[in-house]
Amino acid sequence: MKKVIVIGGGLGGLSAAATLARNGFDVKLFEKNEHLGGKLMPVKLGTHHFDFGPNTITMPHVFDSVFHESGENPRDYFEWVSIENHTQNVGPDGEKFLMSTDPETVIEQLNSIDPYAAKHYPAFLEEVKRLYHLSEKAFFHRTFTSWKDYFSPGLFSALQKVKPLETMDHFHQRYFKNPFLLQVFNRYATYIGSSPYVSPATFSLIAYLEMVQGVFYVKGGTVKIAEGLAELARKNGADLLANTEVSRILTEGKRAVGVELSSGEKIEADTVVLNGDLLEAMPSLLDEKNRSHLSNRKIENSSPSISAFVILAGLDRHLDDLIHHQVYFSADYKKEFRELFGGEWPDDPTIYISNSSYTDKSVSPDGSNLFILVNAPPLAANGKMSIDPEVYKEQIYNRLRKFGITIKPHLKHEKVFTPIDINRKFRAFRGALYGLSSNRKKDSFLRPFNRSQDIQNLYFAGGTTHPGGGSPMVVISGQNVAREIISAFDS
Ligand SMILES: Cc1cc2nc3c(=O)[nH]c(=O)nc-3n(C[C@H](O)[C@H](O)[C@H](O)COP(=O)(O)OP(=O)(O)OC[C@H]3O[C@@H](n4cnc5c(N)ncnc54)[C@H](O)[C@@H]3O)c2cc1C
């Protein structure tokens, strides 16, 4: 039996482990944290349950496919809940737009906010559908292990058709004239940790996921996805070890031969998969002389995606004004992105709130479980932040009060996560949520390969590599890498 070691138990690592174990590999996965799921992490404060990380789940078929490939019924592991009217957007002047997978609901609102958009909304949906299907066919399920993978004629022609040179903002202006609506749809750039004013229109395909395929929740909390994948991997025979940190990748020449744990124990392997953020992990796991294609200088020069400042607030009552997802927008979106990518903390940040107890009281029976997120700049190269978290938190509560959301008098529990916490807890490069940003065209389409260019049998799965960040993408990444390893041993 060939031995594979997976470093990191994020969603990408779990999907790779489950798929490899199902295909007859002897899989050992090491995760430094006590939970499996990486950035998708359960937090319990009193009777309030929180899903840290992914709260907005799209592409449920991707998660299900890992179970189907193992001959299992995903519904034996967790249950999807589709949310039709999913996100309430509130503009800087209090204007509202409720996002829905029902086009009638959307067009009815557009008729009063933006008649031009109401007329063009069906064409918008057609165009984002086209972008999605092209990208899915050409990029999502493809592993990129060397430059030659980029030069296949099919890929090149697909690349030209997915609007790589138009910005997301420019593309949205073709369909929406109202500035608030533009903000609402431009926010999709933050799902890949980037700015709508520079990232390619390709990523407007996210509108197809949310406005057509749908936004999903999982009964009992989105962490059930990670728990389900871990259970599946174990059922398939993988050995998943939490609270176990890998400190070195052991090599002989240009091959990985195993890993060393922080306890000093050495474990042999025929292949190693790194699921942790490779920009953060590689400098500590592999000597620089063994990774000429990923030097410290190259890592330092990479452009991380945005980070986040998160408040988990457990309240003494359920707030009637809040649905499952809502966003309160800043007055000047361009300024906010200039600040975020200029290393500054916005003083008027756009605020996202997930309140999963609206859909599922069982996760927080005694009051709302608010996951409050504002985008934050990635950490500076010296690892420092330029704000006082206590002061910034108060600023967010004050802004929410202006939108009529009063939280502080009802607070029973509270926990704050800053980019420093995200960096330390998940070993995320500069606290970035999605690895590299997609602001530079080359970072959108030329992310680090799924296989090391220096060590032949070292593979990368997760948000820093192909096809990109976001929970469904990293699951695909794990599956892609597993298939690549399976075929490497078949040939
Ligand atoms: C605040 C926040 C909000 C988000 N919101 C959404 C959302 O709404 N929807 C969505 O789809 N996505 C969202 N994301 C993004 C999503 O969480 C990530 O893209 C995805 O979960 C990353 O998975 P991954 O497989 O790359 O691994 P990660 O989750 O990054 O996990 C990697 C794991 O490797 C471990 N590790 C690293 N080095 C070592 C080592 N040496 N030894 C042992 N273990 C190691 C780390 O501890 C970590 O657990 C959000 C992320 C955050 C942080």
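The values are calculated or read from the model by the stated rules, or taken from the named source; none is laboratory data. Given the structure is predicted, the values throughout are model-derived calculations rather than measurements. Cβ atoms come from the backbone with ideal geometry, glycine included; neighbour counts cover every protein chain shown. Calculation scope for accessible area: heavy atoms of the full protein, side chains included, ligands and nucleic acids excluded. Shrake-Rupley method; radii C 1.70, N 1.55, O 1.52, S 1.80 Å.
In the chain, the DSSP-assigned H stretches of four residues or longer account for a calculated mean residue ellipticity at 222 nm of -10000 deg cm²/dmol, using -39500 (n - 2.57) per stretch and the full residue count as denominator.
By the rule of a C-alpha distance below 18 Å, with chain neighbours fewer than 8 residues away ignored, the aspartates and glutamates paired with LYS2 are ASP26, ASP239, GLU252, GLU268, ASP270, GLU484, ASP490.
For the set LYS44/LYS415; LYS39/LYS224; LYS39/LYS335; LYS32/LYS224, the pairs lying more than 22 angstrom apart at their alpha carbons are LYS39/LYS335. Here the Karplus relation 6.51 cos²θ - 1.76 cosθ + 1.60, evaluated at θ = phi - 60°, turns the backbone of region 187-194 into coupling constants of 4, 4, 4, 6, 5, 10, x, 10 Hz, with x for every Gly and Pro. Karplus-based coupling profile of region 485-490, in residue order and whole Hz: 5, 4, 6, 5, 7, 6, with θ = phi - 60° in 6.51 cos²θ - 1.76 cosθ + 1.60 and x standing for Gly or Pro.
Here region 336-410 is assigned +1 on the Cβ of each Lys and Arg and -1 on the Cβ of each Asp and Glu. Its dipole about the Cα centre then comes out at about 160 debye. Residues in region 87-97 carry Karplus couplings, in order, of 10, 8, 9, 10, x, x, 9, x, 5, 10, 8 Hz; the curve used is 6.51 cos²θ - 1.76 cosθ + 1.60 with θ = phi - 60°, and Gly or Pro positions show x.
Backbone amide hydrogens, once placed in the peptide plane, bring LYS412 within less than 5 Å of GLY314, LEU315, ASP316, excluding anything fewer than 5 places away on its chain.
Between HIS133 and ASP320, with labels modelled 7 Å along Cα→Cβ, what's the label distance in nm to one decimal, could you check? Simple spin-label model gives 4.5 nm for this pair. Bridgeable lysines around LYS119 (alpha carbons under 28 Å apart, same-chain partners fewer than 8 residues away excluded): LYS96, LYS129, LYS161, LYS163, LYS177, LYS334. Distance between the modelled labels on LEU98 and PHE489, one decimal in nanometres: 5.2 nm (7 Å Cα→Cβ projection).
Packing-based ranking of 369-381, 460-472, 385-397 yields 460-472, 369-381, 385-397, ordered from highest to lowest mean Cβ neighbour count within 10 Å. Taking all protein chains together and rolling a 1.4 Å probe, THR190 ends up with roughly 10 Å² accessible. May I ask you to list the residues of region 356-374 whose amide nitrogen lies under 18 Å from a point 7 Å from Cα along the Cα→beta-carbon direction of LYS415? Answer for this model: 356-357, 363-374. Residues TYR132, TYR191, ordered by accessible area of protein heavy atoms at a 1.4 angstrom probe radius and largest first, appear as TYR191, TYR132.
Over the chain, Cα pairs under 8 Å with separation of 6+ residues give a relative contact order of 25 percent. Net charge in the neighbourhood of TYR392 (other residues with Cβ under 11 Å of its Cβ; Lys, Arg +1, Asp, Glu -1) is -2. Under the rule a/c < 1.5 gives rounded, and otherwise a/b versus b/c splits prolate from oblate, where does region 284-406 land using the Cα gyration tensor? Prolate, since a/c reaches 1.5 and a/b exceeds b/c. Residues whose amide H falls under 5 Å from that of ASN450, counting only those 5 or more places apart or on a different chain, are PHE144, THR145, HIS466, with hydrogens built in the peptide plane.
Summarising the amide proton neighbourhood of GLY258: residues at separation of 5 or more, or on other chains, whose placed amide H is nearer than 5 Å comprise LEU250, ALA269. With K and R counted +1 and D and E -1, the other residues having a Cβ less than 11 Å from that of LEU209 yield a net charge of -1.
The local environment of HIS410, defined by Cβ-Cβ distances under 13 Å, has a net charge of -1 under the rule Lys, Arg +1 and Asp, Glu -1.
Listed peptides 216-222, 2-8 appear in the order 2-8, 216-222 once ranked by packing, highest mean of other Cβ atoms within 10 Å at the front.
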